[in-house]
């Protein structure tokens with residue numbers, strides 16, 4: 001659509017058609033302009049630019065205690081190779097040195113480690129000294145994490161829009177979906193941006209993984225002692241039946257009985273004497 005508008009304007013410029021040679025020239029210029037506009041739309045920093053990494057961090061925990069392991073060789077020998085990105089996390093006025101590579105150089109990469117594993121939440125990049133003059137940044141790149149320095153997991157993918165064409169400024173890209181803690185990190189460029197890429201520093205922020213909550217130890221269940229059955233109620237013994245007291249004779253009765261017995265005895269004796 002844009003191309004058609006430009007062509008129409010060119011062919012009818014001044015109310016007369018121009019020669020085909022001039023038309024091709026103007027069309028070419030229009031395409032260049034469109035390409036430049038499209039590039040400007042693609043290359044725009046995903047974050048604002050900051051003079052210091054502290055400003056870019058916005059209160060996040062910057063991991064400063066790092067150790068460079070290995071990386072690529074840059075265009076300026078050792079002075080512009082991967083180790084230059086790990087000299088310090090300097091502010092704007094002190095961001096000297098850079099890692100730059102292009103042409104026949106290998107694609108940019110670096111590996112480094114920290115004393116302890118942590119969950120990275122933001123990746124920082126600082127532009128170099130002549131980014132503005134040459135529109136230099138880095139092409140498509142990836143950030144990886146590892147627990148052993150051998151097996152890598154990509155935790156972030158980025159491109160030229162991570163930085164803008166400004167000199168010695170800090171930019172950042174958030175790592176929103178990372179939950180894994182790593183001690184080793186690797187950054188590598190997949191494709192050059194414009195023939196020669198450069199970057200002054202890279203860094204990370206994050207926090208140690210939360211200590212796992214100790215397992216909840218449940219108290220052993222208290223065993224309920226078996227219920228003791230109450231002894232069966234003993235039947236109440238029947239009340240003893242009162243025994244009738246033996247009948248006794250009073251003294252008068254005894255005397256009378258004795259007298260009768262004695263009289264009977266006397267009669268018997270008399271009969272025997274006859």
Item to check | Separation in nanometres of the label points that stand 7 Å from Cα toward Cβ, at residue 177 and residue 208 | outcome: 2.9
Next on the checklist: Can you tell me the length gained on complete extension of the stretch residue 51 to residue 190, counting 0.36 nm per residue apart and subtracting the Cα distance?
Outcome noted: 47.3 nm
Checklist entry - Simple spin-label model, 7 Å along Cα-to-Cβ: residue 107 to residue 148 in nm? => result 2.5
Item to check | Kirkwood Rh and Cα Rg combined as Rg/Rh, the range 53-207 | outcome: 0.93
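Laboratory data are not the source of any read-out in this text; all were calculated from the coordinates shown. Model, not experiment: these values are computed from the prediction. Every residue, glycine among them, receives a Cβ derived from its backbone with ideal geometry; neighbour counts consider all protein chains shown.
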